[in-house]
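The values are calculated or read from the model by the stated rules, or taken from the named source; none is laboratory data. A quick note: this is a predicted structure, and the numbers were derived from the prediction, not measured. Here the Cβ positions follow ideal geometry from the backbone for every residue, glycine too, while neighbour counts run over all protein chains shown.
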Amino acid sequence: MIEQELLLLGLLRQGPKHGYDIKIKIKQILSLFAGIRLKSIYYPLKLLEQKGLVAKKIAKVGNRPKRIVYTLTTKGKNRFEGLLGRSLLELKRPQFSLDLSLYFLHYLKPVSARKRLHARLRMLNKLSLSMEKMPEAKPGKAQPSLSCILEHNIRMLKAEELFLTALIKTLPR
């Protein structure tokens, strides 16, 4: 919940938003990295409201239907800053889906292991190339924070590519 809370409070720190705006923004952010799972935004927003971190009001613009607009309270702003500061200092060991497979890799025949690792390597390469083509990867084309996230992800993919290339060379022929 801490990551969800940080995400929602951070988005509202940018300014008041209605639910659909928040969903769109989350989709844009999650297109760059997929570490956060958020099935629904309304229940977490309700919890944040109950804690006094966000406030909601009903807004009506023209002939459009009424919308609930969420804003960050002073308490929410303080909570966001605290979470952000703590999050930057939190060191969690990264978990990769590959790790468990590597533990049991010796059960595959070397030919099969090499074939599957080469396939993974191709997928990683394709993913990193597509990320490098994203507008956020171009200097000055996106928010600096999105560019940083994208660069971080590209470098992580490149590191795994290097690792897999070296691992494949160690497998018996």
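Table for the structure above
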{"read-out": "Filtered residue count, the range 14-31, keeping only those that are within 16 Å of residue 56 (Cβ to Cβ) and assigned to a helix (DSSP H, G or I)", "value": "5"}
{"read-out": "Enumeration of residues in the range 95-104 that are under 13 Å from residue 163 (Cβ atoms) and among the hydrophobic types (A, V, I, L, M, F, W, C)", "value": "96, 98, 102"}
{"read-out": "Residues satisfying the stated conditions in the range 161-173, i.e. of a type outside the set (A, V, I, L, M, F, W, C), farther than 16 Å from residue 103 by Cα and assigned to a helix (DSSP H, G or I)", "value": "161, 165, 169"}
{"read-out": "Residue selected from the range 86-97 under the condition in a helix (DSSP H, G or I) and exposed (fewer than 10 other Cβ atoms within 10 Å of the Cβ), by the criterion modelled with the lowest pLDDT", "value": "97"}
{"read-out": "Residue 60 vs. criteria more than 30 Å from residue 168 (Cα to Cα), at pLDDT below 90 and loosely packed, with under 10 Cβ neighbours inside 10 Å", "value": "yes"}
